[in-house]
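A.B. asks: What follows is a single structure, and I will ask about it in a moment.
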Amino acid sequence: MKLYSGPLSMFGAKAEIAAHEKGLDFELIMVPFAMKTLYQPKHPEVLRINPKRQVPVLIDGDLEIFDSTQIFEYLETIRPEPALWPAEPKARARARLLEHKSDEVYFPPIIRLMGLQATPDDPAAVEARAAALAYYDGLEKGMAGKEWLAGGFSYADIAFYMAQIFGDRMGAPMTDSHPRLQAWRDRMSARPAVARVAGAMGRYLLSQGRKVPAFLEKIAKSAAG
């Protein structure tokens, strides 16, 4: 099994964490990346397999797939234990929705912020930060009495953990109004698979002279030691 990812790929990191959580034996291939040119030129295997020209890409024998959510589903099928989706149908549907919302509801405003770092007072930036805060508020309320986002630990937790790293880096961090979410983040950071992958990303950013959130810097330095 081969997993193609990148040093700053949120979606690749999702797939990598899931594979580690499942205890799978795989080869991690980090495609070339530079801060100025990003992923150009694209890796030939990524270009061949994914029409979207993006990581992650998973190769398992004669199977070639892409998209972090599709990889989640495949890993769950070939390695049912430990389960990373709830067994009960409605609980599973809710967890899948949370995973989807991390990518498609929470993350788009964060992407907008990536292009507005020099103009934080731009109305578009203000709107994007407000959208992120509203998303945190909703999750904070839903975390009442729960340890993980969807009840038991799941892909939903993996997806949002990686997304919120980018949210924090782009100027839309959780606040003191989100103590449950911050406690959840601490629990996530303590998981060996999460610390391994997030720590590597944090170390890469630090090596490039980039500022990282305090919680990520802590993981990066502790994982390195």
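A.B. asks: So how exposed is THR77, as accessible area in Å² (1.4 Å probe, rounded to 10)?
C.D. replies: THR77 exposes around 100 Å² with every protein chain in place.
A.B. asks: Ignoring any ligand, DNA or RNA, what whole percent of the accessible area of the chain comes from carbon and sulfur when the probe is 1.4 angstrom?
C.D. replies: On the way: 6030 of 10990 Å².
Reported share for carbon and sulfur atoms: 55 percent.
A.B. asks: Here is a further query. Please list, in order, the residues from the stretch 1-15 whose amide nitrogen is less than 16 Å from a point placed 7 Å along the Cα→Cβ vector of GLU73.
C.D. replies: In the stretch 1-15, the label zone of GLU73 (backbone N under 16 Å from the point 7 Å along Cα→Cβ) covers 15.
A.B. asks: For the chain, what is the number of Lys pairs with C-alpha distance below 19 angstrom, counting only pairs 8 or more positions apart or on separate chains?
C.D. replies: Lysine pairs meeting the criterion: 14.
A.B. asks: If I ignore ligands, DNA and RNA and count only protein heavy atoms, how much of TYR74 is accessible to a 1.4 Å probe, in Å² to the nearest 10?
C.D. replies: We get 50 Å² for TYR74.
A.B. asks: Still on this structure, I have one more. Run the numbers for SER222 and GLU104: contour at 0.36 nm per residue of separation, minus the present Cα-Cα distance, in nm. List each step's numbers first, then the result.
C.D. replies: Values: separation 118, 0.36 × 118 = 42.48 nm, distance 3.16 nm.
Value of the extension gain: 39.3 nm.
A.B. asks: Using the heavy atoms of the protein chains and a 1.4 angstrom probe, tell me the accessible area per residue for the stretch 75-151 in square angstrom. All intermediate terms of the calculation are to be shown ahead of the outcome.
C.D. replies: Details: 4350 Å² over 77 residues.
Result: 57 Å² of accessible area for each residue.
A.B. asks: Follow-up. About the Cα centre of the stretch 1-92, what is the dipole size in debye to 20, counting +1 per Lys and Arg Cβ and -1 per Asp and Glu Cβ, all else neutral? Walk me through the numbers on the way to the answer.
C.D. replies: Working: 11 positive and 13 negative charges, 103 e Å.
So the dipole magnitude of the stretch 1-92 works out to roughly 500 debye.
A.B. asks: Could you estimate the translational diffusion coefficient of the stretch 66-119 from the Stokes-Einstein equation, with Rh from the Kirkwood formula over C-alpha pairs, at 4 °C and 1.567 mPa s, in whole µm²/s?
C.D. replies: Numbers: Rh = 13.0 Å.
Reported coefficient: 99 µm²/s.
A.B. asks: Quote to one decimal, in nm, the extra length available between GLN182 and ASP25 on full extension: 0.36 nm per residue of separation minus the C-alpha distance between them.
C.D. replies: On the way: separation 157, 0.36 × 157 = 56.52 nm, distance 3.13 nm.
Extra length available between GLN182 and ASP25 comes to 53.4 nm.
A.B. asks: So, one more: Once you charge only the Cβ atoms, +1 for Lys and Arg and -1 for Asp and Glu, what is the size of the charge dipole of the chain about its Cα centre, to the nearest 20 debye? Let's see the in-between values first.
C.D. replies: Numbers: 29 positive and 27 negative charges, 88 e Å.
My answer is approximately 420 debye.
A.B. asks: OK, next. Around LYS2, under 10 Å between beta carbons, what's the net of Lys plus Arg minus Asp minus Glu among the other residues?
C.D. replies: Details: positive: none; negative: GLU27, GLU45, ASP60, GLU64.
Taking every other residue near LYS2 into account, the sum is -4.
The values are calculated or read from the model by the stated rules, or taken from the named source; none is laboratory data. Bear in mind that the values here come from a model prediction, so they are computed numbers and not experimental data. Heads up, the Cβs are rebuilt from the backbone with ideal geometry, glycines too, and the neighbour counts pull from every protein chain shown. Note: areas computed on protein heavy atoms with side chains; ligands, DNA, RNA excluded. Shrake-Rupley method; radii C 1.70, N 1.55, O 1.52, S 1.80 Å.
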